[in-house]
Amino acid sequence: MEPRTRHLPGGQGAAPRLRLGLLVAGLLWSLLASGSGPVGAQGGAPALLVPMDNVQTDHCRAYGLVYRLLEKSTPNIFWLLNYRGGSFLLPDDEGIIDGARQAGVAVERLSADEVGAILALITEENMDVVPLEMAPRIGLYLPSPHSPDVVAGVLRYAGIPFQVIYDDGILRGGLSAFDWIHIHHKDFTGQGHKQAGGDDDRELARQLGFAKTWMMKQRVAQTLREFVEGGGFVFAMCSAAETVDIALAAQGIDIVPSLFDGDAADPQANQKLNYANTFAFTDFTVMTGALSEYSDIDVPGAGRGTTFSLFDFSAQVDPIPCLLNQNHVRTLPGFDGETTSFRRSLIKKSVVILAENNDGVSVRYLMGYLGKGFFSFYGGHTPGRTVEDYRREAPGFRLILNNVLFPSAKVKKRKT
């Protein structure tokens, strides 16, 4: 597959862009010549490579190794886009080697000449070098730290710390404590996942002064949107990806039938939806009378038994989607969820499609920009549930962990 190039909107307020890899490569060449930084000219092993191809013994924990170094403000950490599955270049340090060994993560010691050869290859191929500078402050949208969550599980496995925040914390301004927020198997329409008696947030809504749960959830969705506009990062999976956009389009509109909140939905709800307020989807229809579906965004059949393919992007022209798609395989097995996949015809033209399903109708993975920030949606509930799955189904989990590390990457405004 040829590298996929897609130019994102420019102008004032345009999407942030990663520093061009050739400039970073030039910086690394200067470090090589001066004997400083991760590729010092003195000694036989001036850098460590964390390979992310099939040689890697634990892909998920490799992200944790990198994150913990960023937590310690370790300098000279680089992400080598499209080089051996999106490998990492780290300083040569016995402590790092020991930490990798304890985590079961494969690392390779490189001489200065070997690092130079890698950089030469990067300047010639569809590759890039991205500096990673800080550990993002990670928040998961959960009622408590003990609430079950797929991303919480893989973060714990990888050794990446996080905090939880829920509706009350969000509405009291708590998002300012985070760089990156994950929302997963949640219903922002206020219908309790369309299960009778499934509304666990009714009392919380009452305590916060809302007459109905859907009113609170709509306010939370709008606050998440404002978080992204101000420069935050939101990563959504499963039902959260679909219902947060429904809640944004339905601001002030009752779309909840009497079965779930005691009074009828607005019969003109679909005619009143404001698609300009959503993250990713447009022209969808809310299914107020359905007992399980939220809208026609979801394509439930595009899950288990299907496959989805990652698009290849130019590492130097479109480094952000390229970064989010770093993987050691390009075709992955599908998996189910309350919202499994996204109907292609309902995706906004400004959104970048990262992976499509093999049904010709639906999309598994997408991203976009809003104001100063970024959002990414990934369909389905989980690639797996066990420790063994974190290894066996690592390609699916890597797409989650790429998003976790993305705020670490050095970014700048696009000039065009």
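The values are calculated or read from the model by the stated rules, or taken from the named source; none is laboratory data. Here the structure is a predicted model, which means the values were calculated and not measured. Here the Cβ is made from the backbone with ideal geometry for all residues, glycine too, and neighbour counts use every protein chain on show.
Okay, here's what the table says:
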item	result
Strands (runs of 3 or more DSSP E) wholly inside the range 288-391 that include at least 2 residues being aliphatic (A, V, I, L, M)	352-357, 362-370
Enumeration of residues in the range 52-80 that are aliphatic (A, V, I, L, M) and not in a loop (DSSP other than H, G, I, E, B)	62, 65, 66, 69, 70, 77, 80
Wholly enclosed helices (runs of 4 or more DSSP H) of the range 141-245 bearing at least 1 residues under 19 Å from residue 397 (Cα atoms)	150-158
Search result, residues across the range 315-332 that are surrounded by fewer than 20 Cβ atoms within 10 Å (Cβ to Cβ) and either at pLDDT 95 or above or basic (Lys, Arg) (or both)	328, 329, 330, 331
Residue match in the range 107-120 (condition: in the same structural domain as residue 74 (by TED's automatic domain parsing), assigned to a loop (DSSP other than H, G, I, E, B) and without any contact (Cβ under 8 Å) to a residue 60 or more places away in the chain)	yes
Residue in the range 393-413 that is in contact (Cβ under 8 Å) with a residue 60 or more places away in the chain, out of contact with any helix residue (DSSP H, G or I) (no Cβ under 8 Å at 6 or more places or on another chain) and among the polar types (S, T, N, Q) present	no
Criterion (within 19 Å of residue 320 (Cα to Cα) and modelled with pLDDT of 95 or more) met by exactly one of 73, 87	87
Candidates 275, 294, filtered to the one that is hydroxyl-bearing (Ser, Thr, Tyr), in contact with a Lys or Arg (Cβ under 9 Å, 6 or more places away or on another chain) and surrounded by fewer than 16 Cβ atoms within 10 Å (Cβ to Cβ)	275
Residue in the range 263-279 that is part of a strand (DSSP E or B), of a type outside the set (A, V, I, L, M, F, W, C) and in contact (Cβ under 8 Å) with a residue 60 or more places away in the chain present	no
So residue 38, is it within 18 Å of residue 117 (Cα to Cα), at pLDDT 55 or above and in contact with a strand residue (DSSP E or B) (Cβ under 7 Å, 6 or more places away or on another chain)	no
Looking only at the range 339-381, and only at residues there that are surrounded by fewer than 24 Cβ atoms within 10 Å (Cβ to Cβ) and among the charged types (D, E, K, R), the one that is farthest from residue 227 (Cα to Cα)	359
Residue 288 more than 17 Å from residue 237 (Cβ to Cβ), out of contact with any strand residue (DSSP E or B) (no Cβ under 6 Å at 6 or more places or on another chain) and crowded, with 19+ Cβ neighbours inside 10 Å	yes
Among (1) under 20 Å from residue 183 (Cβ atoms); (2) out of contact with any Gly (no Cβ under 8 Å at 6 or more places or on another chain); (3) not small (Gly, Ala, Ser), the one test that residue 340 misses	(2)
Unique match (being at pLDDT 95 or above, more than 13 Å from the chain's Cα centre (by Cα), crowded, with 18+ Cβ neighbours inside 10 Å and in a helix (DSSP H, G or I)) among 395, 407	395
Check on residue 301, over 21 Å from residue 359 (Cα atoms) and not polar (S, T, N, Q)	no
For residue 338: the one exception among (1) closer than 23 Å to residue 161 by Cβ; (2) acidic (Asp, Glu); (3) touching a residue at least 60 places away in the same chain (Cβ under 8 Å)	(1)
